[in-house]
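Everything below concerns the one structure shown next.
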Amino acid sequence: MAQEPIKVCMLGEFSLQNGSVGVNDGDNRTKKVWLLLAYMIYCRGRTTTPDELVELLWGSEGGSINPLNALKTMFHRVRATLDPLGERAGHTLILRREGSYVWNSDIPVELDIDEFDRLCKAGANARSEEKRIEKWMEAAALYRGDFLAKLSNEIWVVPIAAYYHNLYVDTVLSTLPLLEARRRWEDMEALCRAALVHEPYSEEFYRYLMVSLIWQDRQRSAAEVYEQMSELLLARFGIMPSDTMRALYREALRSRNDNTVAPGVILEQLREEENGAGALFCDYDIFKSIYHSFARAVARSGDAVHLALISIECQGGGDLPRRSLDRVVDNLKELIQKNLRRGDIAARCSVSQFILLLPQANYENSCMVCERIIKTFNRQYPHSPATLRSSVHPLEPNP
């Protein structure tokens with residue numbers, strides 16, 4: 001084999017590249033082949049005994065097989081996997097010594113995890129912030145996924161994967177404030193979007209992403225990011241975004257009209273994009289602002305306005321399975337929108353509740369609205385595992 005370093009990627013896809021030829025864990029090989037190969041490379045600085053490798057591959061099942069013959073067969077498959085990298089590459093790279101196995105240290109290899117570690121440390125030790133940003137951005141670009149992602153359930157992989165994942169998150173969170181201070185909004189956006197692929201529930205990454213979009217005058221994109229995040233957190237954890245995120249959302253909804261704008265342009269911006277029937281559905285944070293506006297108006301006019309809360313419960317008690325709850329939520333949202341008037345407002349206020357604002361509706365009419373929605377739901381979905389409950393409350397004027 002040529003003595004050029006073999007490039008090994010373990011972050012995300014597991015692959016080996018020797019010049020123009022390579023192999024990766026997308027090839028049609030059994031999981032144990034890639035497990036054994038990954039272990040040999042990661043432990044390349046020492047010999048591994050047959051007992052250690054049998055335990056790795058078969059664990060408690062090892063007693064039901066002929067372990068030495070099974071291990072020889074597995075190494076035959078591993079070597080066959082490596083052979084495309086060069087003539088007899090499998091036998092050159094994996095050696096047998098005194099009954100044990102070892103990765104050939106005479107053949108140079110370059111691992112992405114080593115380079116990732118080096119760049120993170122180089123950034124931390126850099127004397128200038130510009131150099132720190134440069135090294136940390138290079139490190140982040142190397143992180144294409146968790147360590148040996150397709151082997152993530154293996155006991156020895158778990159702590160190593162956690163180490164590199166946490167190092168990646170810490171590095172990105174250390175880089176973003178430096179980019180923000182230099183107003184490098186496009187770099188901030190790109191880094192956040194990449195980080196959210198690997199850490200999709202991080203409010204901090206969403207916050208920096210929204211900030212970068214707002215400063216690029218892309219308020220609509222920033223608002224969409226918030227709405228996606230809000231839906232994700234609500235569906236996954238049943239929680240609402242923080243006050244900081246809601247404040248950013250309100251800022252994103254305000255148009256940045258820095259110069260004088262003609263009245264016609266303002267009216268066009270205010271026009272509803274879709275002239276659909278039924279209630280206006282909005283984010284809960286926007287619902288609260290509308291509620292405050294109605295509370296002020298009612299104090300002056302004395303009009304009847306009521307709030308209705310519709311809750312989803314599991315028949316017989318307990319919690320609905322997530323998939324069932326999501327289906328009920330989607331069906332109920334559609335029914336609420338169809339059964340309310342255009343002047344009514346609705347929002348999802350928790351993982352299993354909707355809140356309705358019903359202007360010019362007295363208590364009896366508001367109760368009838370809720371009963372109609374619940375009866376329609378029960379009629380259309382008679383086998384649903386959910387039970388709907390409603391309550392109606394008068395809107396309290398804000399003097």
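The values are calculated or read from the model by the stated rules, or taken from the named source; none is laboratory data. Everything numeric in this text was worked out from a predicted model, so none of it was measured. Here the Cβ is made from the backbone with ideal geometry for all residues, glycine too, and neighbour counts use every protein chain on show. Note: accessible area is taken over every heavy atom of the protein model, side chains too, but ligands, DNA and RNA are not part of it. Shrake-Rupley method; radii C 1.70, N 1.55, O 1.52, S 1.80 Å.
Any residue in the stretch 223-238 that's in a helix (DSSP H, G or I): show its pairings with residues that are among the small types (Gly, Ala, Ser) at Cβ separation under 7 Å, as long as the two are six or more apart or on different chains.
Partner pairs satisfying both residue conditions: Ala223/Ala252; Tyr226/Ala252.
Taking the condition of being open to solvent by less than 80 Å² (accessible area, probe 1.4 Å) and in a helix (DSSP H, G or I), how many residues in the stretch 182-199 meet it?
Summing the residues that are open to solvent by less than 80 Å² (accessible area, probe 1.4 Å) and in a helix (DSSP H, G or I) in the stretch 182-199 gives 11.
Just checking: which of the strands (runs of 3 or more DSSP E) contained wholly in the stretch 21-122 hold 1 or more residues that are touching a residue at least 60 places away in the same chain (Cβ under 8 Å)?
Values: elements: 21-24, 94-97, 100-103, 109-111.
Result: 21-24, 100-103, 109-111.
What pairs can you find where one residue is in the stretch 137-151 and without any contact (Cβ under 8 Å) to a residue 60 or more places away in the chain and closer than 17 Å to Thr175 by Cβ, the other is part of a helix (DSSP H, G or I) and among the hydrophobic types (A, V, I, L, M, F, W, C), and their Cβ atoms are less than 7 Å apart, with a gap of 6+ or different chains?
Glu138/Leu119; Ala139/Phe116; Ala139/Leu119; Ala139/Cys120; Ala140/Val172; Ala140/Leu191; Ala140/Ala194
Of all residues in the stretch 294-330, which are in a helix (DSSP H, G or I), surrounded by 12 or more Cβ atoms within 10 Å (Cβ to Cβ) and among the hydroxyl-bearing types (Ser, Thr, Tyr)?
Across the stretch 294-330, the qualifying residue is only Ser324.
So in the stretch 152-172, with the set limited to residues that are over 20 Å from the mean Cα position of the chain (by Cα) and of a type in the set (A, V, I, L, M), which one is most open to solvent (accessible area, probe 1.4 Å)? If you could, list the steps in order and put the result at the bottom.
Residues of the stretch 152-172 over 20 Å from the mean Cα position of the chain (by Cα): 154-157, 159-160.
When the remaining residues are screened for being of a type in the set (A, V, I, L, M), the result is 155, 157, 160.
Values: Ile155: 148, Val157: 0, Ile160: 23 Å².
The selected residue is Ile155.
For Ala126, are the conditions met, namely being surrounded by fewer than 16 Cβ atoms within 10 Å (Cβ to Cβ) and either among the hydroxyl-bearing types (Ser, Thr, Tyr) or more than 24 Å from Thr47 (Cα to Cα) (or both)?
When the stated conditions are applied, Ala126 passes them.
Scan the stretch 353-373 for residues that are open to solvent by 30 Å² or more (accessible area, probe 1.4 Å), of a type outside the set (D, E, K, R) and under 17 Å from Glu313 (Cα atoms) and jot them down.
Within the stretch 353-373, just Gln353 meets the criteria.
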